[in-house]
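The values are calculated or read from the model by the stated rules, or taken from the named source; none is laboratory data. Model, not experiment: these values are computed from the prediction. We place every Cβ from the backbone using ideal geometry, glycine too, and count neighbours over all the protein chains shown.
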Amino acid sequence: MSAGSPAPSPPPGAPRRTIASRAGEALFRWRGLTALPPLALIVGLAQPTPASLAAGAAVVATGEWARIRAVAWIGSRSRTRGAAPGALVTGGPFARRRNPLYAANLAVLAGFGIASGAPGPAAAAIALGALQYALVVPWEEETLLAAHGDAWRAYRDAVPRWWGGSPPPGYHAAPPHGLRAVLRSERGTLLAQAAVLLSLLGRLVTP
């Protein structure tokens, strides 16, 4: 290619390489670490009470159960750091919302915020988490569109991004991954959640 030749055009269907897209991809690849600042904010400024800790732990458990249901359908691919999208998952909780795993993560983060008993830091931490997904989700959708084309378009048009979809026939079909495999995949997440709750318990403020 000569110095004056134009750069080759991206192949049809390739994801757009905008600044937001690049940021979304970077956050996706490092999402295990990007959770640390919101959690540090919550734990560092926590003022928990027995009531807030109990209520927050219940919300965390609810969010983790939603994660388990989603991982039972998507499998250990939920842990990947690569950009390859893999197969299009449309069953189970993915039949009602396109991002059940991320919604569950936000619920878990909200649970930690409630447990902390510090509304201001909790709200800031949840806002940081929401900002991350505001960049990650559009990038993922561009990648899925490039990989799956019309199948992704049909799914996108039928199922809302976050909530409100009517499950199609087969919604209650058995997931492809059993509970044992899911718990094996989730063991790191479960240990991290327990560590955060124990940290908040250590900062417990008796009314």
Flagged in the range 125-144 as in contact with a Pro (Cβ under 8 Å, 6 or more places away or on another chain) and closer than 22 Å to LEU200 by Cα, in numbering order, are ALA125, ILE126, LEU128, GLY129
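Can you name the residue in the range 94-120 that is of a type outside the set (A, V, I, L, M) and either part of a loop (DSSP other than H, G, I, E, B) or modelled with pLDDT under 90 (or both) and, of all such residues, is nearest to ALA55 (Cα to Cα)?
We begin by selecting, within the range 94-120, every residue of a type outside the set (A, V, I, L, M); these are 94, 96-100, 102, 105, 111-113, 116-117, 119-120.
Narrowing the set further to residues that are either part of a loop (DSSP other than H, G, I, E, B) or modelled with pLDDT under 90 (or both) leaves 96-99, 117.
Numbers: ARG96: 26, ARG97: 26, ARG98: 27, ASN99: 25, GLY117: 10 Å.
Among them, the one singled out is GLY117.
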Need the failing condition index for ALA151 against (1) at pLDDT 90 or above; (2) under 18 Å from the mean Cα position of the chain (by Cα); (3) aliphatic (A, V, I, L, M), just the number. (2)
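Filtering the range 154-184 down to residues that are among the aromatic types (Phe, Trp, Tyr) and farther than 30 Å from ILE42 by Cα, which residue is modelled with the lowest pLDDT? Can you show your working first?
Here is the first cut: in the range 154-184, the residues among the aromatic types (Phe, Trp, Tyr) are 155, 162-163, 171.
Subsequent filtering for residues that are farther than 30 Å from ILE42 by Cα retains 155, 171.
Numbers: TYR155: 91, TYR171: 63.
In this case the residue turns out to be TYR171.
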Which numbered condition in (1) in a helix (DSSP H, G or I); (2) touching a helix residue (DSSP H, G or I) at 6+ places or on another chain (Cβ under 8 Å); (3) surrounded by fewer than 20 Cβ atoms within 10 Å (Cβ to Cβ) is the only one that ALA154 fails? (2)
Where GLY86 falls short, out of the listed (1) outside any loop (DSSP other than H, G, I, E, B); (2) modelled with pLDDT under 90: (1)
If ALA54 meets every condition in (1) of a type outside the set (Ser, Thr, Tyr); (2) modelled with pLDDT of 95 or more; (3) within 22 Å of SER185 (Cβ to Cβ) apart from one, which number is that one? (3)
